[in-house]
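Novice: A single structure is presented below for examination.
The values are calculated or read from the model by the stated rules, or taken from the named source; none is laboratory data. These numbers come from a predicted model, not from an experiment. So basically every Cβ, Gly included, is an ideal-geometry build from the backbone, and we count neighbours across all protein chains shown.
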Amino acid sequence: MAADAVKRIARISILAGRALTRTLVGLTRYGLTFSAAQSFQDSSMTSQLFSPFKLRSLALENRIVVSPMCQYSAENGSATDWHLMHLGSLSLSGAGLLFLEATAVEPAGRITPGCLGLYSDDNESALRRILDAVRRYSDMPLGIQLAHAGRKGSSLPPWAGGQLQTTEQGGWQTVAPSAVPTLPGEPAPAALDPAGIERIRGAFVTSARRAARLGFDALELHCAHGYLLHEFLSPLTNRRDDAYGGVLENRMRLPLEVFDAVRAAWPAQRPLGVRVSATDWVEGGWDLGQTVELARALKRRGCDWIDASSGGLSPQQKIPLAPGYQVPFARRIREEAGIPTIAVGLITDPRHAEEIVAKGEADLVALARGTLWDPRWSWHAAAALGGQVRAPKQYWRAPPREAKDVFRETEFGMR
Ligand SMILES: Cc1cc2nc3c(=O)[nH]c(=O)nc-3n(C[C@H](O)[C@H](O)[C@H](O)COP(=O)(O)O)c2cc1C
């Protein structure tokens with residue numbers, strides 16, 4: 001009986017569109033199941049992936065995040081026309097939030113000579129030019145990831161092999177918590193002394209102030225992938241015997257100090273989150289239990305999200321790659337630290353992304369490679385899941401008939 005009634009409603013909903021979609025969703029709330037209604041398309045359901053989310057005063061239209069992606073295309077840390085093209089394209093992608101790549105807080109904090117920086121007035125004005133152009137056509141929230149490469153600095157870009165460049169080869173002296181090289185035989189990084197630690201904390205603050213001036217909507221601290229702040233966390237790279245090394249509390253000290261200092265410098269209403277490597281994937285390294293402790297400490301300090309990635313610190317890592325392989329980290333951190341999380345890593349299927357949010361495994365889902373492969377991933381996901389995205393008016397005529405409702409607030413007129 002109930003199934004028949006629902007089928008009838010489903011048929012009418014094809015004609016009446018979104019108003020009746022709400023009716024169907026209402027019925028599901030009362031526990032009715034209706035395979036016929038579901039089978040004609042997912043769009044009869046309310047997508048959780050396309051539901052809004054708030055980070056402090058920042059309202060996101062959906063749960064899709066474009067993950068930070070190094071472009072190795074800056075000059076002396078300053079953004080170039082490549083950034084205009086790259087970010088221009090992704091800012092039309094319909095995602096809820098677009099992160100700029102790991103952005104160095106000092107020249108030695110760049111991974112490669114082509115990495116973006118925000119340590120000079122020139123860097124700031126080059127980025128302002130890009131943001132002005134992007135914002136002229138897109139109101140997508142923009143986040144920036146501030147980073148220091150630590151011992152992974154002074155490298156060639158991946159397309160040139162990624163090797164460490166010595167000072168004789170035109171590279172620079174890298175820094176780290178301890179003088180432990182990444183690969184045996186490589187020149188060791190210089191262990192930071194107290195003045196060096198102080199300088200780096202200050203550099204994060206100065207860059208955060210620049211990011212605030214540029215009007216970024218969100219800021220993420222890069223504590224992942226074997227870069228400097230992760231190197232302080234992991235016992236594999238942190239062999240210090242002062243207040244910044246040894247027990248967990250000491251290894252967390254610099255990341256937490258940087259967080260506090262940046263939080264104080266970053267406008268109170270704007271969100272600040274942290275990307276972590278939830279595990280080193282190496283016995284005796286940084287692991288999920290310690291990550292949960294870090295997340296709890298960050299939450300107490302007003303952290304707005306944890307972006308749960310993994311690995312990148314040790315060449316010994318063994319990563320069991322599979323779709324969504326890092327999602328369990330986002331879930332555990334969210335459950336045990338009670339903080340919003342971003343799930344990331346090999347999430348490419350819209351239904352998978354939908355499920356992650358709907359099951360409460362993470363609040364947001366980030367994609368990196370998937371958005372390079374298909375910069376309109378969010379449009380296509382919206383079409384598949386019955387969500388809607390905002391698109392530039394120049395593209396309003398794009399959707400095929402079966403996805404005709406995918407754009408929000410469109411209007412047409414011709415003479
Ligand atoms: C080209 C490229 C550049 C990346 N650069 C960064 C970066 O700047 N900061 C960062 O935290 N992660 C970086 N990552 C990692 C991604 O943000 C993401 O965590 C990872 O690729 C897994 O997501 P995916 O499977 O959707 O690609 C990069 C990944 C790629 C492919």
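Novice: Which condition from (1) modelled with pLDDT under 95; (2) closer than 14 Å to T237 by Cα is the one that Q169 breaks?
Specialist: Q169 satisfies every listed condition except (2).
Novice: Restricting the search to segment 334-361, which residues are within 14 Å of A295 (Cα to Cα), touching a Phe, Trp or Tyr at 6+ places or on another chain (Cβ under 9 Å) and aliphatic (A, V, I, L, M)? I'd like the intermediate steps shown before the answer.
Specialist: First pass over segment 334-361, keeping only residues within 14 Å of A295 (Cα to Cα): 334-342.
Checking the rest, the ones that are also touching a Phe, Trp or Tyr at 6+ places or on another chain (Cβ under 9 Å) come to 339-342.
Those that are within 14 Å of A295 (Cα to Cα), touching a Phe, Trp or Tyr at 6+ places or on another chain (Cβ under 9 Å) and aliphatic (A, V, I, L, M): I339, I342.
Novice: What number of residues in segment 91-107 are within 14 Å of the ligand (Cβ to nearest atom) and within 24 Å of H148 (Cβ to Cβ)?
Specialist: Summing the residues that are within 14 Å of the ligand (Cβ to nearest atom) and within 24 Å of H148 (Cβ to Cβ) in segment 91-107 gives 9.
Novice: Return the pair list, or none, for Cβ contacts closer than 9 Å from residues in segment 141-156 that are touching a residue at least 12 places away in the same chain (Cβ under 8 Å) and farther than 18 Å from A176 by Cα to residues that are of a type in the set (D, E) and more than 14 Å from the ligand (Cβ to nearest atom), at least 6 apart or on different chains.
Specialist: P141/E61; P141/D217; L142/D217; G143/D217
Novice: Examine segment 140-159 for a residue that is in a helix (DSSP H, G or I) and in contact with an Asp or Glu (Cβ under 6 Å, 6 or more places away or on another chain), and state whether such a residue exists.
Specialist: Yes, the conditions are met somewhere in segment 140-159.
Novice: For L98, indicate whether it is part of a strand (DSSP E or B), at pLDDT 95 or above and within 22 Å of I356 (Cα to Cα).
Specialist: Yes: the conditions hold for L98.
Novice: Right, here's the next one. Given the structure, is S178 hydroxyl-bearing (S, T, Y) and more than 29 Å from W305 (Cβ to Cβ)?
Specialist: Yes: the conditions hold for S178.
Novice: Return the residues of segment 54-84 that are over 14 Å from the mean Cα position of the chain (by Cα), without any contact (Cβ under 8 Å) to a residue 60 or more places away in the chain and within 15 Å of the ligand (Cβ to nearest atom); say none if nothing qualifies.
Specialist: Residues satisfying the conditions are Q71, S73, A74, G77, A79, W82, H83.
Novice: Which one is surrounded by the fewest Cβ atoms within 10 Å (Cβ to Cβ), of the residues in segment 179-205 that are assigned to a helix (DSSP H, G or I) and in contact with a Gly (Cβ under 9 Å, 6 or more places away or on another chain)?
Specialist: Within segment 179-205, the match that is surrounded by the fewest Cβ atoms within 10 Å (Cβ to Cβ) is A203.
Novice: Kindly indicate which of R408, R376, R369, R401 is surrounded by fewer than 21 Cβ atoms within 10 Å (Cβ to Cβ), of a type outside the set (S, T, N, Q) and under 15 Å from the mean Cα position of the chain (by Cα).
Specialist: From the options R408, R376, R369, R401, the qualifying one is R369.
Novice: While we're here: When the residues of segment 219-235 are filtered to those that are part of a loop (DSSP other than H, G, I, E, B) and more than 9 Å from the ligand (Cβ to nearest atom), which remaining residue is surrounded by the fewest Cβ atoms within 10 Å (Cβ to Cβ)?
Specialist: Filtering segment 219-235 for residues that are part of a loop (DSSP other than H, G, I, E, B) and more than 9 Å from the ligand (Cβ to nearest atom), the one surrounded by the fewest Cβ atoms within 10 Å (Cβ to Cβ) comes out as P235.
Novice: Can you find a residue in segment 251-259 that is among the β-branched types (V, I, T) and either under 19 Å from S57 (Cα atoms) or more than 16 Å from the ligand (Cβ to nearest atom) (or both)?
Specialist: Among the residues of segment 251-259, not one is among the β-branched types (V, I, T) and either under 19 Å from S57 (Cα atoms) or more than 16 Å from the ligand (Cβ to nearest atom) (or both), which makes the answer no.
Novice: Farther than 27 Å from K299 by Cα, aromatic (F, W, Y) and within 16 Å of the ligand (Cβ to nearest atom): does that describe W396?
Specialist: no
Novice: Kindly list the number of the only condition in (1) of a type in the set (S, T, N, Q); (2) over 29 Å from L55 (Cα atoms); (3) surrounded by fewer than 21 Cβ atoms within 10 Å (Cβ to Cβ) that fails for S89.
Specialist: Result: S89 fails condition (2) only.
Novice: Still on this structure, I have one more. Out of Q173, Q169, report the one residue that is without any contact (Cβ under 8 Å) to a residue 12 or more places away in the chain and part of a loop (DSSP other than H, G, I, E, B).
Specialist: Working: Q173 fails: without any contact (Cβ under 8 Å) to a residue 12 or more places away in the chain.
Testing whether each residue is without any contact (Cβ under 8 Å) to a residue 12 or more places away in the chain and part of a loop (DSSP other than H, G, I, E, B) leaves just Q169.
Novice: Same structure, new question: Looking at G94, is it closer than 18 Å to D217 by Cα and surrounded by fewer than 24 Cβ atoms within 10 Å (Cβ to Cβ)?
Specialist: Details: closer than 18 Å to D217 by Cα: yes; surrounded by fewer than 24 Cβ atoms within 10 Å (Cβ to Cβ): no.
When the stated conditions are applied, G94 does not pass them.
Novice: Select, from A74, A79, the only residue that is in contact with a His (Cβ under 9 Å, 6 or more places away or on another chain) and crowded, with 24+ Cβ neighbours inside 10 Å.
Specialist: Numbers: A79 fails: in contact with a His (Cβ under 9 Å, 6 or more places away or on another chain).
After ruling out the rest, the residue left standing is A74.
Novice: Does any residue of segment 352-366 turn out to be surrounded by fewer than 22 Cβ atoms within 10 Å (Cβ to Cβ) and within 13 Å of the ligand (Cβ to nearest atom)?
Specialist: Within segment 352-366 (the criterion being surrounded by fewer than 22 Cβ atoms within 10 Å (Cβ to Cβ) and within 13 Å of the ligand (Cβ to nearest atom)), the answer is yes, since at least one residue qualifies.
Novice: Given the conditions (1) basic (K, R); (2) more than 29 Å from A264 (Cβ to Cβ); (3) more than 15 Å from the ligand (Cβ to nearest atom); (4) without any contact (Cβ under 8 Å) to a residue 40 or more places away in the chain, which single one is not true for R376?
Specialist: (4)
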